[in-house]
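A short reminder: the numbers here are calculations on the coordinates, not readings from a lab. Being a predicted model, the structure only gives us computed values, none of them experimental. Methodologically, a virtual Cβ is constructed for each residue, glycine included, from the backbone with ideal geometry; neighbour enumeration extends over all protein chains shown.
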Amino acid sequence: MTSEMTAADPMVGIVMGSASDQPKMEAAGFMLDRFGIPHESNVISAHRTPDQAAEYAKLAEERGLEVIIAAAGMAAHLAGVMAAHTVLPVIGVPMAGGALNGVDSLYATVQMPAGVPVATVAINGSANAAVLAVQIMAVSRPELREKLRMFKKELGQGLKI
């Protein structure tokens, strides 16, 4: 991993199980833009397009992605499918909806088997998923760590997200 970021190639992949999740996932893109992290966004269903989901995860590293953010509601298997097919960090965003208003997707996202971890943020927590992705990437990028320090200072001064 280099410390140079290029604007052309996405470094974070944002995937969601349904196009209806897009409005709630916009905060992830906004946060990644704030930190200058190139990203892409795709609708890929673990249930309706399982081959596409597996292929996306398998090729993610080769394509230069470093982190995958996966959002899904109800059955919420998208993050787990991604994690099963890649060695990259996967951050799950459980989405509100259905009879349990997101609690079911939270449980489905956080209850992964040993060896297939998915970092999980709050229900509809796409902004935090993006910040966590930046923190993961900042391990080897001092310039991102500095941006995170400034961001945390701004939060302390009342920055609203």
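Listed values for the stretch 135-152 are Karplus-derived 3J(HN,Hα) couplings in whole Hz (6.51 cos²θ - 1.76 cosθ + 1.60, θ = phi - 60°), namely 4, 4, 5, 6, 4, 10, 9, x, 5, 6, 4, 5, 4, 5, 4, 5, 4, 4, and x replaces Gly and Pro.
For the chain, the percent of C-alpha pairs falling in each 5 Å distance bin, counted from 0 to the bin holding the largest distance, reads 2, 10, 19, 23, 20, 14, 8, 3, 1, 0.
Here's how it looks for Met95: its modeled amide H is under 5 Å from those of Ala72, Gly73, Met74, Asn124, which are all 5 or more places away or on a different chain. Look at the alpha carbon pairs under 8 Å that are at least 6 residues apart: their mean separation over the length of the stretch 72-161 gives a relative contact order of 25 percent. In order along the stretch 74-85, phi translates into HN-Hα couplings of 6, 5, 6, 9, 4, 4, x, 5, 4, 5, 5, 10 Hz, rounded to whole numbers, per the Karplus curve 6.51 cos²θ - 1.76 cosθ + 1.60 with θ = phi - 60° and x for Gly and Pro.
For the stretch 91-98, the Karplus equation 6.51 cos²θ - 1.76 cosθ + 1.60, evaluated at θ = phi - 60°, returns couplings of 10, x, 10, x, 9, 5, x, x Hz by residue, with Gly and Pro reported as x. Per residue, the average separation of C-alpha pairs within less than 8 Å and at least 6 apart gives the chain a relative contact order of 23 percent. Each residue in Lys160, Lys24 was given a count of other beta-carbon atoms within 10 angstrom of its own, and listing them fewest first yields Lys160, Lys24. Here the sum of -39500 (n - 2.57) over DSSP H runs of 4 or more residues, divided by the residues of the chain, equals -12500 deg cm²/dmol at 222 nm, to the nearest 500.
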